[in-house]
Amino acid sequence: MFLKRAAPVTGLTAKLTNMTDISREYPLTPLMGVGAIITDGNRAVLVKRGSPPSANEWSIPGGLVKVGETLHEAVIREVREECGLHVEPVRLVELLERIFRDDRGRVQYHYVLADYLCTVAHGVLAAGSDAAEVRWANREELTHLNVAPITMKVIFKGMAQAKEQHPSD
């Protein structure tokens, strides 16, 4: 019995088959990501992004979900990698999209993001992968940093939810 050699996989099928080659820039499909709103009273953890599309912008810790990883596993991993903190996701705060277009109007980046309120289990805040800097910032400081308006909205929403859970903070 002879087996036919399969035709080489090309084009879009090849790109989708080899998921390690998915490009963040000009993606074929939206990319799933997670974010962590880590609060302590009126403060939240921020990371200064080191890579596009948000290089030099302050944001919440987070990144892409890996194949086979749950959203909770992804947020725990991303925070540990970027900030050195071990967190426990508490609840989903927001599900949103971030779409960035180039000068010609083409979609350059497209993320679907699940942002979770998290509590710190243990660890020491320190910049790791893809984070130029990390810091705690209070509400007043947040308004003076380079934080995207949608990110600011999600942080404040997470802070309000954290306060509902722990009114004494």
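Odds and ends about this structure:
- Percent RCO, i.e. relative contact order, over segment 72-169, from Cα pairs under 8 Å lying at least 6 residues apart: 27 percent
- A 1.4 Å probe run over the protein chains yields, for the chain, 59 Å² of accessible area per residue, whole-number rounding.
- Computed over the chain, the per-residue total of -39500 (n - 2.57) for DSSP H runs of n ≥ 4 gives a 222 nm mean residue ellipticity of -7000 deg cm²/dmol, rounded to 500.
- Contact order normalised by residue count of segment 73-122, Cα under 8 Å, 6+ apart, percent: 40 percent
- Relative contact order (%) - the chain, alpha-carbon pairs under 8 angstrom, separation at least six: 28 percent
- Rounded Å value of the spacing that divides the Cα centres of segment 108-169 and segment 45-69: 11 Å
- Fully extending the segment from residue 125 to residue 107 would add 3.1 nm, taking 0.36 nm per residue of separation and subtracting the current Cα-Cα distance.
- Protein accessible area in segment 87-128, 1.4 Å probe - carbon and sulfur %: 49 percent
- One compactness figure for the chain is 1.20, namely its Cα radius of gyration divided by 2.2 N^0.38 Å.
- For segment 68-137, the alpha-carbon radius of gyration amounts to 1.31 times the rule-of-thumb value 2.2 N^0.38 Å expected for a compact globular protein.
The values are calculated or read from the model by the stated rules, or taken from the named source; none is laboratory data. This is a predicted model, so every value here is computed, not measured. Ligands, DNA and RNA are stripped out before the accessible areas are found, and what is left, the full protein with its side chains, is counted by its heavy atoms. Shrake-Rupley method; radii C 1.70, N 1.55, O 1.52, S 1.80 Å.
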